[in-house]
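S.K.: There's a structure below that I have some questions on.
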Amino acid sequence: MKKKLLAAALLSLLAPAAKAALFINNTSKCTVQVRVYAHNENGKACELESKIMTIPPMGTIALNNAGLVDTKPGWEKEMKISGDPKAAVWDALSFHNGSKTLKVGVSGGCATVTNGMIKDACGADLNVKWSVAGHNILIELYN
Amino acid sequence: MKKLFIALALLLSAAGAKAALFITNNTSCIMVVIINAHDANHGICGLASGRLQLAPGSSAAFNNVATLNTTAPGWQNSQTATTAGGTTVWGWDAAIVTNGGIMWAQIGNTGSCSPTASVITPNACNGNSVTAAWSVLGGNTFIDIN
């Protein structure tokens with residue numbers, strides 16, 4: 001039973017990665033700075049690292065597909081999505097508080113956890129949680 | 001007692017963290033969404049948004065009902081929403097998803113002004129049927145247009 005549950009949980013983590021929108025929701029009291037990671041349809045996990053995105057308290061970012069990152073905020077090393085942007089896969093998100101980084105994401109990607117806690121830039125405990133919600137991927141940042 | 005308090009605190013922080021509205025248009029057509037919500041001053045579906053236009057392959061996100069006070073498409077008739085009282089007092093109720101033509105999909109929570117969770121409209125986008133679906137997952141609300 002436990003094994004089945006685990007398998008189902010793993011599948012639910014992996015399956016909807018492609019053709020999924022990525023939503024980032026900052027419900028914390030502090031402005032956050034994050035990067036997202038993705039890969040092209042036949043690429044390697046986390047081959048694409050976005051530039052920094054800044055989200056104010058109660059702010060959100062909605063990314064229908066990884067192709068949208070090409071123009072805003074762009075990928076590091078001036079990389080672009082190749083092939084069908086809808087087939088690109090979201091891998092992870094990293095939060096940086098000025099001295100430490102917490103990376104959350106899918107298993108098999110470049111993150112080792114799906115959620116964790118770190119101090120935010122205002123000094124409070126910040127939860128960073130990656131989850132799959134239906135067809136979408138949701139990252140919640142909250143105190 | 002302490003345990004109970006911690007559990008309660010966790011519950012409260014979780015509720016506060018999860019009540020956003022996330023909208024995704026995965027069709028190849030422009031879709032327009034009108035959102036209904038409630039708060040301390042407006043009953044179920046008492047708040048009605050302006051027309052949110054979503055390009056093909058685009059998404060939108062609103063952290064809470066007050067977000068629409070200052071973010072397009074705003075609330076109709078100069079309505080103002082408040083998050084006073086927390087997520088037990090305010091919430092997203094329903095939506096109308098239209099293609100500007102034959103499609104007029106009314107979706108939403110059970111007991112709201114549009115109690116159907118999913119509506120399929122044949123021939124709504126380039127000859128294809130379009131499904132507008134409303135779901136609440138982990139406290140957040142999702143509108144998926146596929």
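S.K.: In this structure, does residue B:146 turn out to be within 18 Å of residue B:53 (Cα to Cα) and touching a residue at least 24 places away in the same chain (Cβ under 8 Å)?
M.R.: When the stated conditions are applied, residue B:146 passes them.
S.K.: Hey, another quick one. What's the number of the condition residue B:104 fails, among (1) closer than 20 Å to residue B:52 by Cβ; (2) within 14 Å of another protein chain (Cβ to nearest Cβ); (3) not basic (Lys, Arg)?
M.R.: Tallying (1) closer than 20 Å to residue B:52 by Cβ; (2) within 14 Å of another protein chain (Cβ to nearest Cβ); (3) not basic (Lys, Arg), residue B:104 fails exactly one: (2).
S.K.: Conditions first: (1) open to solvent by less than 10 Å² (accessible area, probe 1.4 Å); (2) farther than 15 Å from residue B:33 by Cβ. Residue B:130 passes all but one, so which condition is the exception?
M.R.: (2) is the only condition that residue B:130 fails.
S.K.: Continuing with the same structure: Please go through region B:107-127 and give me each residue that is open to solvent by 30 Å² or more (accessible area, probe 1.4 Å), touching a strand residue (DSSP E or B) at 6+ places or on another chain (Cβ under 9 Å) and closer than 21 Å to residue B:65 by Cβ, ordered by number.
M.R.: Restricting attention to region B:107-127, the residues satisfying the condition of being open to solvent by 30 Å² or more (accessible area, probe 1.4 Å) are B:109-111, B:113, B:115-120, B:122-123, B:126-127.
Next cut, touching a strand residue (DSSP E or B) at 6+ places or on another chain (Cβ under 9 Å) only: B:109, B:111, B:113, B:115-120, B:122-123.
Result: B:109, B:111, B:113, B:115, B:117.
S.K.: Here's something else I'd like to know. Within region B:51-63, is there a residue that is assigned to a loop (DSSP other than H, G, I, E, B), open to solvent by less than 10 Å² (accessible area, probe 1.4 Å), at pLDDT 95 or above and away from chain A (no Cβ under 12 Å)?
M.R.: no
S.K.: Let me ask something additional. Every residue in region B:64-106 that is open to solvent by 20 Å² or more (accessible area, probe 1.4 Å), under 24 Å from residue B:146 (Cβ atoms) and outside any loop (DSSP other than H, G, I, E, B), please.
M.R.: Within region B:64-106, B:96, B:104, B:106 qualify.
S.K.: Oh, and also: Return yes or no: is residue A:36 modelled with pLDDT of 95 or more, closer than 22 Å to residue A:134 by Cβ, open to solvent by less than 70 Å² (accessible area, probe 1.4 Å) and not in a strand (DSSP E or B)?
M.R.: Values: modelled with pLDDT of 95 or more: yes; closer than 22 Å to residue A:134 by Cβ: yes; open to solvent by less than 70 Å² (accessible area, probe 1.4 Å): yes; not in a strand (DSSP E or B): no.
Against the criterion (modelled with pLDDT of 95 or more, closer than 22 Å to residue A:134 by Cβ, open to solvent by less than 70 Å² (accessible area, probe 1.4 Å) and not in a strand (DSSP E or B)), residue A:36 does not qualify.
S.K.: Listed residues A:45, A:62; which is within 13 Å of chain B (Cβ to nearest Cβ), within 19 Å of residue A:95 (Cβ to Cβ) and either at pLDDT 95 or above or not in a strand (DSSP E or B) (or both)?
M.R.: A:62
S.K.: Hey, residue A:86 hits all of (1) in a strand (DSSP E or B); (2) within 12 Å of chain B (Cβ to nearest Cβ) but one; which does it fall short on?
M.R.: (1)
S.K.: Sticking with this structure for a sec: Identify the single condition in (1) under 25 Å from residue A:112 (Cβ atoms); (2) more than 12 Å from every other protein chain (Cβ to nearest Cβ); (3) open to solvent by 10 Å² or more (accessible area, probe 1.4 Å) that residue A:95 does not satisfy, given that it satisfies every other one.
M.R.: (3)
S.K.: I'm trying to understand the selection: among the residues of region B:15-50, which are in a loop (DSSP other than H, G, I, E, B), open to solvent by 10 Å² or more (accessible area, probe 1.4 Å) and facing chain A (nearest Cβ under 7 Å)?
M.R.: Across region B:15-50, the qualifying residue is only B:18.
S.K.: Is it the case, given these coordinates, that residue A:20 is part of a strand (DSSP E or B), under 25 Å from residue B:55 (Cβ atoms) and small (Gly, Ala, Ser)?
M.R.: Against the criterion (part of a strand (DSSP E or B), under 25 Å from residue B:55 (Cβ atoms) and small (Gly, Ala, Ser)), residue A:20 does not qualify.
S.K.: Considering every residue within region B:113-127, establish whether at least one is of a type in the set (Ser, Thr, Tyr) and assigned to a loop (DSSP other than H, G, I, E, B). Explain how you work it out, then say what you get.
M.R.: Filtering region B:113-127 for residues of a type in the set (Ser, Thr, Tyr) gives B:114, B:116, B:118, B:121.
Checking the rest, the ones that are also assigned to a loop (DSSP other than H, G, I, E, B) come to B:114, B:116.
Scanning region B:113-127 turns up at least one residue that is of a type in the set (Ser, Thr, Tyr) and assigned to a loop (DSSP other than H, G, I, E, B).
S.K.: Within the group A:115, A:26, A:127, which residue is in contact with a Pro (Cβ under 8 Å, 6 or more places away or on another chain), within 12 Å of chain B (Cβ to nearest Cβ) and modelled with pLDDT of 95 or more?
M.R.: Values: A:115 fails: in contact with a Pro (Cβ under 8 Å, 6 or more places away or on another chain); A:127 fails: in contact with a Pro (Cβ under 8 Å, 6 or more places away or on another chain).
Result of the check over A:115, A:26, A:127: A:26.
The values are calculated or read from the model by the stated rules, or taken from the named source; none is laboratory data. Keep in mind that what you see is a predicted model, and the values were worked out from it rather than measured. Here the Cβ is made from the backbone with ideal geometry for all residues, glycine too, and neighbour counts use every protein chain on show. Ligands, DNA and RNA are excluded from the accessible area calculation, which covers all protein heavy atoms including side chains. Shrake-Rupley method; radii C 1.70, N 1.55, O 1.52, S 1.80 Å.
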